[in-house]
Amino acid sequence: MTGRHPEEASGRTIRVRGLVQGVGFRPFVWRLAHDLGLVGHVLNDGEGVEIAAWGTKTALHSLCARLKSETPPLAHVDEISSVARDGAPPADFTILESAHTEIATGIVPDAATCPDCLAEIFDPANRRYRYAFTNCTHCGPRLSIISGIPYDRAQTSMRVFDMCPDCAGEYADPADRRFHAQPNACPICGPQLWLEDAKGRRFDGDVFAEAARRLVAGEIGAIKGIGGFHLAAEATNDAAVAELRRRKHRPAKPLALMARDCAQIRHYAHVSGDEEALLISSAAPIVLLEKTGEKLAPSVAPDQNRVGFMLAYTPLHHLLMAALDHPIVLTSGNLSEEPQATDNDDARARLEGIADFYLMHDRDIVNRLDDSVMRQDKPGVQILRRGRGLAPAPIRLARGFVDAPRVLAMGGGLKSAFCLMVKGEAILSQHMGDLENASTYRDYRKSLALYRDLFRFDPDVIALDSHPDYLSTRWGETLAAETGARIVRVQHHHAHFASCLADNGIEPGADKAIGIVLDGLGLGTDGTIWGGEILVGGYSGFARIGQFDAVAQPGGDKAQREPWRNLVAQLHQAFGPDWRSVLAGTELAERLDVKPLDLVNAMIEKRINTPLTSSAGRLFDAVAASIGICFDAQSFEGQAAMALEAAATPFMSDATAYPVGTVVENGRHRLIWAPLWQAILADLATGTEPGLIAARFHGALAAGLACLTETIAETTGIFTVALSGGVMQNSLLFNALFSRLSASGLNVLVGRDAPANDGGLALGQAVSAALAPSA
């Protein structure tokens, strides 16, 4: 009888690339290897994870398959490659120290507390009971504490905390889920938490019970989280929330909320299954939800029908929320428009006069991170702000970008973010904010320097917005002079268009599409301000084939803050210099009569400080002003448009869209608003409900854009449409456009991992610049 011959052992070097460091990947490999009877080693290096394994071909094949199918919760494998390995096999399978080689691996975003750690902090028998800094390889801080790669404890702000014997034992045991968990700690050896009042006096006792007591009493707290300080107030106490607004100088912008769990959120907002999945994900973002049920403080989100909720995402937050019966406001710890405080002393100084008490700890925050913001729309999840839990996870691009030059894209001016593009991946930074704020600009430059250091990134190309006055553009020019990188300037709306294409993995050469790009403003190629655009093209270029009617912006930047100015400009455009006659005897005429109309009319007619703009944002401002929303002024960008959307929402199902005009001049389509304004004024004259007017306007805009896009698709033979720009954050318009265009048979692309607003601008700049020819 002939027996089966055992398989001969062979060696393989297996390379795993992706987000595979700081997520328990090496002990995962160690366990697989022991399960399969393999010997060798695994280590972290600059490219990801390297595995040397010896065993049977069957076992080696199984290892590669299971590396992809059984990854740890926070890991993301992009690529697994394998080559034969010579040499004698060792006696066992071991985990080696990290190798310091060229950086080519990603950094994992900070992750919300996992179920195992959550169970421990509420278990009286566990040594981490009520410990606010409990974490493991499946959760906890990552980007917020890291200062270098490879991701080892010495490269984080945890390096100052020496592990006790118990923690060191967990850290060294491959079978433990805390094996090489770099922030691993316990109450004996790790960071410490305390509560102090506004005078610096520390409280002795249960800090969570005391913080809860103070919040319920109406006090405002400053709480140090993962990516920075937040300001907290009890969310059902309108006096406390209103006082927080007064102290923070944030009169109207919606405030984010934190809840204990989804059951608590459902008392105040509708939560679908998809929205719950977002809330409980490792990113734990703020999710915009429809208000319902019990009342929150009216000051939380005035004139809005949605509210932004997030769940407790660190042990500290879980322990605090367990001591409270209601949600809390949890908004950035800063004065309005400044970056949030991250340092204890800085928080004491900058939040003096705002916070009544501080819940602080002694683990340094290396990288500032705002909370991410998302919304569930018809096409899927829309990322409105990319921050904690998302950045800096790389966006995988189409294969055609793998061999492209290394590009540093600088982003825009508002909602700024930068992007590093290398080897077919785009590393899009966290949200930075308005660079005109000096503190934000310093933070932008600091973060950019850190990213370049983390990824050892020297660009071949620096991509800039074509607006010469953006601070991001100026800093990019400085860096180009220092590094010798080639500068490529990318028109603002082209960058939005390209960002959507790249975010959908569209290959260069197969990128011809129609782009509908709607936003507040961006410098056009003709020197005017654009903002309502239909483009045809791809990564390498575009033609402006359609646009909103160009309307004066009286007072320049003033018109962005005072919606009545845009209303006057729109009426002047629609009805001519004698536009006031069409308003005679109406309430709107009375409201406008107190404004300097003769001066504004003269400015428009003589073209004095009245730049022309096709801005979609300014059109929204004008319509909002016509029905009394933010008529005199708006205190934050998009306030009028957001309130207009909220007013329209209850009426959308029954609203008949207003008419919109179109003309074609020199092959370019133009949407004309005179018919729209005639219909709006007719409704105002008959006392039509303002919300219905708002709904009919949204319907008009969606129908007009969709009809025009369908015409362009038929005439050009291009049937892919990309939706981008900050106005696409309007869910009524966005969902209506997506539904109408999809129903007409068009392939509609929307953002996936990058925001449609200026937070995704740098991604589009990067891919466009990567394909730009050398001068």
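The values are calculated or read from the model by the stated rules, or taken from the named source; none is laboratory data. Treat the numbers as computed from the prediction; the structure is a model and nothing was measured. Every residue, glycine among them, receives a Cβ derived from its backbone with ideal geometry; neighbour counts consider all protein chains shown. Heads up: the accessible areas ignore ligands, DNA and RNA and are worked out on the full protein's heavy atoms, side chains in. Shrake-Rupley method; radii C 1.70, N 1.55, O 1.52, S 1.80 Å.
Does A239 satisfy being assigned to a helix (DSSP H, G or I), in contact with a Gly (Cβ under 7 Å, 6 or more places away or on another chain) and either farther than 19 Å from E338 by Cβ or not hydrophobic (A, V, I, L, M, F, W, C) (or both)?
On the way: assigned to a helix (DSSP H, G or I): yes; in contact with a Gly (Cβ under 7 Å, 6 or more places away or on another chain): yes; either farther than 19 Å from E338 by Cβ or not hydrophobic (A, V, I, L, M, F, W, C) (or both): yes.
Yes.
State yes or no: is F697 open to solvent by less than 10 Å² (accessible area, probe 1.4 Å), out of contact with any Cys (no Cβ under 8 Å at 6 or more places or on another chain) and over 21 Å from L288 (Cβ atoms)?
Working: open to solvent by less than 10 Å² (accessible area, probe 1.4 Å): yes; out of contact with any Cys (no Cβ under 8 Å at 6 or more places or on another chain): yes; over 21 Å from L288 (Cβ atoms): yes.
Answer is yes for this residue.
When the residues of the stretch 547-604 are filtered to those that are without any contact (Cβ under 8 Å) to a residue 12 or more places away in the chain and among the hydrophobic types (A, V, I, L, M, F, W, C), the one that is surrounded by the fewest Cβ atoms within 10 Å (Cβ to Cβ) is A584. In the stretch 585-599, is there at least one residue being modelled with pLDDT under 95 and of a type in the set (S, T, N, Q)? Among the residues of the stretch 585-599, at least one is modelled with pLDDT under 95 and of a type in the set (S, T, N, Q), which makes the answer yes.
One line per residue, one yes/no per condition, for (1) hydroxyl-bearing (S, T, Y); (2) open to solvent by less than 40 Å² (accessible area, probe 1.4 Å); (3) assigned to a strand (DSSP E or B):
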{"position": "R452", "(1), (2), (3)": "no, no, no"}
{"position": "V488", "(1), (2), (3)": "no, yes, yes"}
{"position": "C500", "(1), (2), (3)": "no, yes, no"}
{"position": "E507", "(1), (2), (3)": "no, no, no"}
{"position": "V517", "(1), (2), (3)": "no, yes, yes"}
{"position": "G522", "(1), (2), (3)": "no, yes, yes"}
{"position": "D526", "(1), (2), (3)": "no, no, no"}
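Give the residue that is nearest to V271 (Cα to Cα), with candidates limited to residues of the stretch 359-372 that are of a type outside the set (D, E, K, R) and open to solvent by less than 20 Å² (accessible area, probe 1.4 Å). By that ranking, first place goes to S372.
Taking the stretch 630-647 as the search range and keeping residues that are part of a loop (DSSP other than H, G, I, E, B), open to solvent by less than 30 Å² (accessible area, probe 1.4 Å) and out of contact with any strand residue (DSSP E or B) (no Cβ under 9 Å at 6 or more places or on another chain), which one is farthest from E689 (Cα to Cα)? Steps first, answer last, please.
Taking the stretch 630-647 and keeping what is part of a loop (DSSP other than H, G, I, E, B), we get 630-638.
If we keep only those that are open to solvent by less than 30 Å² (accessible area, probe 1.4 Å) as well, we get 630-631, 634, 636, 638.
Filter once more, so that each one left must be out of contact with any strand residue (DSSP E or B) (no Cβ under 9 Å at 6 or more places or on another chain): 630-631, 634, 636.
Working: C630: 17, F631: 17, Q634: 22, F636: 26 Å.
Among residues in the stretch 630-647 that are part of a loop (DSSP other than H, G, I, E, B), open to solvent by less than 30 Å² (accessible area, probe 1.4 Å) and out of contact with any strand residue (DSSP E or B) (no Cβ under 9 Å at 6 or more places or on another chain), the one farthest from E689 (Cα to Cα) is F636.
Within the stretch 351-388, being out of contact with any helix residue (DSSP H, G or I) (no Cβ under 7 Å at 6 or more places or on another chain) and over 25 Å from M158 (Cα atoms) holds for L351, E352, A355, V373, G380, Q382, I383. Listed conditions (1) among the β-branched types (V, I, T); (2) open to solvent by 50 Å² or more (accessible area, probe 1.4 Å); (3) within 26 Å of V108 (Cβ to Cβ) are all met by V77, apart from (2).
Condition check ((1) assigned to a loop (DSSP other than H, G, I, E, B); (2) open to solvent by 20 Å² or more (accessible area, probe 1.4 Å)) across all residues:
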site	(1), (2)
P109	yes, no
R127	yes, yes
D166	no, yes
A181	yes, no
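What number of residues in the stretch 724-745 are in a loop (DSSP other than H, G, I, E, B), surrounded by fewer than 21 Cβ atoms within 10 Å (Cβ to Cβ) and either at pLDDT below 95 or touching a helix residue (DSSP H, G or I) at 6+ places or on another chain (Cβ under 6 Å) (or both)?
Within the stretch 724-745, the subset in a loop (DSSP other than H, G, I, E, B) is 725, 730, 744-745.
Narrowing the set further to residues that are surrounded by fewer than 21 Cβ atoms within 10 Å (Cβ to Cβ) leaves 744-745.
Remaining after also requiring either at pLDDT below 95 or touching a helix residue (DSSP H, G or I) at 6+ places or on another chain (Cβ under 6 Å) (or both): 744.
Qualifying residue count for the region: 1.
Inspect the stretch 310-318 for any residue being over 21 Å from the mean Cα position of the chain (by Cα) and of a type in the set (G, A, S) and give the result as yes or no. The answer is no, given that none of the residues of the stretch 310-318 is over 21 Å from the mean Cα position of the chain (by Cα) and of a type in the set (G, A, S). Within the stretch 414-426, one or more residues are of a type in the set (S, T, N, Q) and assigned to a strand (DSSP E or B).
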